[in-house]
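Visitor: Before I ask anything, here is the structure I am working with.
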Amino acid sequence: MAKLAGIRMISASFSGERLLFQPWLTVMVDEGPCVSVTGVYRTDTSLRNEPEEEGPVFCLRKSTWLSAADLALVKGAYDFRSHLRGGEQVVDSFAFVNRSAGREAIGITEEFVTSMNTSELTLRAADRASSQFQFIKIEVGGEIRAFNIGYSPVTTSIDLVESALPEWLASVDRAVNVPGFQPDGPLTISIDRSVPELIG
């Protein structure tokens, strides 16, 4: 879970220039059989009121952990460390875009973040027999306000989040699968704590 939810910075080089992308809006949703994190990360340059950028200033991310299948494999594994070394448990997709290339996803992200910054996020009780999402965790990193909130839509609800979330998730899903700027080499990812640290 740390590998999935704990990314704090993404770094990549483009035409020899190293760029650092920090979280703007990330959402983790637990759907039961799988857990996913969808995120939009940005450089400091994206905050400036300047003409259209030549290179990427946003990183779009979709990471999915097939938790039910993976946990079933863990139960049958002789050694947990060997299981971790045996292959990826999380499937990641990244796309690097500028404002023009990622217009829809970036526009909806701006609207979503602005609405959460300017409105009260009221958590109210809910009594649902079922919900697509078992748990939602939202992290906003903004120049006005930074915060995170997590809740279960099975027992509670935040109307503003649940009305805007499906459209936002769909827009980032579409954009992350469209080829953007290609980095010179592998990405560098910084996380809160690595899996070896957690089990060491």
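Visitor: Among the residues in region 103-111, are any part of a strand (DSSP E or B), at pLDDT 95 or above, β-branched (Val, Ile, Thr) and crowded, with 19+ Cβ neighbours inside 10 Å?
Guide: no
Visitor: Would you say GLU143 is of a type in the set (D, E, K, R) and touching a helix residue (DSSP H, G or I) at 6+ places or on another chain (Cβ under 7 Å)?
Guide: Yes; evaluated as a whole, the condition is true for this residue.
Visitor: Going through region 165-189 one residue at a time, which ones are closer than 17 Å to VAL37 by Cβ and surrounded by 14 or more Cβ atoms within 10 Å (Cβ to Cβ)?
Guide: LEU165, TRP168, LEU169, ALA170, SER171, VAL172, ASP173, ALA175, VAL176, LEU187, ILE189
Visitor: Return only the number of the condition from (1) modelled with pLDDT under 85; (2) of a type in the set (Val, Ile, Thr); (3) in contact with a strand residue (DSSP E or B) (Cβ under 8 Å, 6 or more places away or on another chain) that ILE136 does not satisfy.
Guide: ILE136 satisfies every listed condition except (1).
Visitor: Considering region 86-102 alone, what residues qualify as being among the acidic types (Asp, Glu) and either modelled with pLDDT of 90 or more or within 18 Å of TYR41 (Cα to Cα) (or both)?
Guide: ASP92, the sole residue that qualifies.
The values are calculated or read from the model by the stated rules, or taken from the named source; none is laboratory data. The shown structure was predicted, so the numbers you read here are calculated from the model rather than taken from an experiment. Here the Cβ is made from the backbone with ideal geometry for all residues, glycine too, and neighbour counts use every protein chain on show.
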